[in-house]
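Laboratory data are not the source of any read-out in this text; all were calculated from the coordinates shown. Source: prediction; values computed, not measured. Glycine also receives a Cβ, built like all others from the backbone with ideal geometry; neighbour counts cover every protein chain displayed.
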Amino acid sequence: MVIPLARFNKINGFTLVEMLVVLVILSLTTTLLVEGLGTTWRNFDKLNSQQLIVNRGLLPKKWFIDSFKGAQLYHPFKSVFSGSSQRVSFITINPPGTIKATPTKVEWSIESQNSAIQGLYYSIDNGDKVKVANLNGQFSFSYLNGQRWEDSFSPNKALLPNAIKILNGDEQWLLGIPGRDVEAIMPTGIAVNGTHEI
């Protein structure tokens, strides 16, 4: 049997040109992939920066709402809540910026820094004031007492307002609602047996 010589010269595999084409395609694909990933990470960084700015603006609101939601009457006969148009203090189990489930006195205040800017501050247990926000405009606290909004709320017994608003002029900037009854619930034994010291 005679085998033609042309059949021995044929080698199965890739030619040099085919290998070069594959390498060029791989390098282009890798370059595009790296550039695409770089762009994606830069976009994620921009979004994270924007989200941090948004969160930084929302955090003071969340702290105030949470602290008022955790407001406690603490004593059935004595008032621990006091509020004016520029300052409010109460006992809460949700003090701002901490995880502390014990009754803590917190005071929120709005203080002028110049003619156009005010600052929102809080202090815990009569400690140092912490500034949490710059406020552009004329901000004040307002308290829902029954069905009426009032500029101050200082009851002479254990009582919380039905809600607190922080207003910028006439616009509502924030609304906080207590997470418990606004009046102290008296044990039935006190009505039957008379009052006693707590």
Note, Gln138: beta-carbon cut-off 11 Å, +1 each Lys/Arg, -1 each Asp/Glu, net -2
Residues of type lysines that Lys157 reaches as a straight line, Cα spacing below 20 Å, ignoring anything fewer than 8 places off in the same chain: Lys69, Lys78, Lys105
Of Phe139, Ile65, Ser115, which is farthest on the positive side of the dipole of region 64-176, counting Cα position, with +1 on Lys and Arg Cβ, -1 on Asp and Glu Cβ, and the Cα centre as origin? Ile65
Any lysines whose Cα falls less than 29 Å from that of Lys46, other than same-chain ones fewer than 8 residues away, would be Lys61, Lys62, Lys131
Using alpha-carbon positions, the gyration tensor of region 64-176 gives root eigenvalues a ≥ b ≥ c; with a/c under 1.5 called rounded, otherwise prolate if a/b exceeds b/c, else oblate, the class is oblate
Which of Tyr74, Tyr143 has the fewest other C-beta atoms within 10 Å, and how do the rest follow up to the most? Tyr74, Tyr143
Given the peptides 85-92, 116-123, arrange them by the average over their residues of other C-beta atoms within 10 Å, most packed first. 85-92, 116-123
